[in-house]
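Read the structure below first, then the notes.
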Amino acid sequence: MFKRRARLTAVGLAVGTALTLFGGAGATQAASASGVARSTVQSSPILQPNSNIRTGPGTSYRILNTSGPEGATGVVKCYARGERVTAGDYTTDVWYQVTVHLPGHTYHFVWAWGGNVNVGADPAPGVEVCPS
C-alpha cells in the first residue's frame with residue numbers, strides 16, 4: 001500500500017510539474033508546436049485602440065467597425081500585401097486578415113492594417129500569406 005501511494009504521489013508531482021511548466025503556453029504555441037495551425041491567437045488585444053476593421057486590405061475598402069478605446073481581441077489568420085499606409089512614423093503595406101471580437105459582435109475574415117495589429121513585426125513571423 002505504501003509503495004502504491006508513493007508511486008501515485010510521484011506521478012501526481014510529475015503531472016503537476018508538467019502543467020506548471022507547459023500549462024502557460026497559449027493556444028498559438030500549442031498549435032504551432034503540433035504543426036496544426038499557424039494563426040496567431042491572443043487573448044490580449046490584437047488591435048490597437050480605435051483601429052478600423054475593413055472588408056479588404058486597403059483604405060478604400062468599407063469600414064465595418066472600429067475597435068474601442070481598449071482595442072480588440074481576436075485571431076490573426078494570415079496577411080496580404082495591400083495599400084501602403086503611413087501613420088506617424090510607421091509605414092507598411094501589410095494587412096492582416098483577422099477574426100475580431102468586439103462587444104456584441106464577432107467579425108470573421110475582416111482586414112486590419114499592419115500598423116494597428118499587435119504582432120511585433122510586419123509581416124509577423126509564423127503568420128502565413130493569405131491564399132489568393
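The values are calculated or read from the model by the stated rules, or taken from the named source; none is laboratory data. Every value quoted in this text rests on a predicted model; they were computed, and no experiment measured them. A quick note on method: Cβ atoms are made from the backbone with ideal geometry, for glycine too, and the neighbour counts reach across all protein chains shown. These accessible areas exclude ligands, DNA and RNA; they are computed on the full protein's heavy atoms, side chains included. Shrake-Rupley method; radii C 1.70, N 1.55, O 1.52, S 1.80 Å.
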Checklist entry - Do we find that Ala72 is open to solvent by 30 Å² or more (accessible area, probe 1.4 Å) and either closer than 14 Å to Asn116 by Cβ or of a type in the set (A, V, I, L, M) (or both) in this structure? => result no
Checklist entry - Does region 82-103 hold any residues that are of a type in the set (Ser, Thr, Tyr) and either open to solvent by 30 Å² or more (accessible area, probe 1.4 Å) or part of a loop (DSSP other than H, G, I, E, B) (or both), and which are they? => result Thr86, Tyr90, Thr91
Checklist entry - Restricting attention to region 104-123, which residues are assigned to a loop (DSSP other than H, G, I, E, B) and either within 15 Å of Gly82 (Cα to Cα) or of a type in the set (Val, Ile, Thr) (or both)? => result Val119, Asp122, Pro123
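Only one residue in Thr17, Thr28, Thr59, Thr66 is over 12 Å from the mean Cα position of the chain (by Cα), among the polar types (S, T, N, Q) and modelled with pLDDT under 50. Which one? Walk me through it before giving the result.
Values: Thr28 fails: over 12 Å from the mean Cα position of the chain (by Cα); Thr59 fails: modelled with pLDDT under 50; Thr66 fails: modelled with pLDDT under 50.
Only one candidate passes the filter, namely Thr17.
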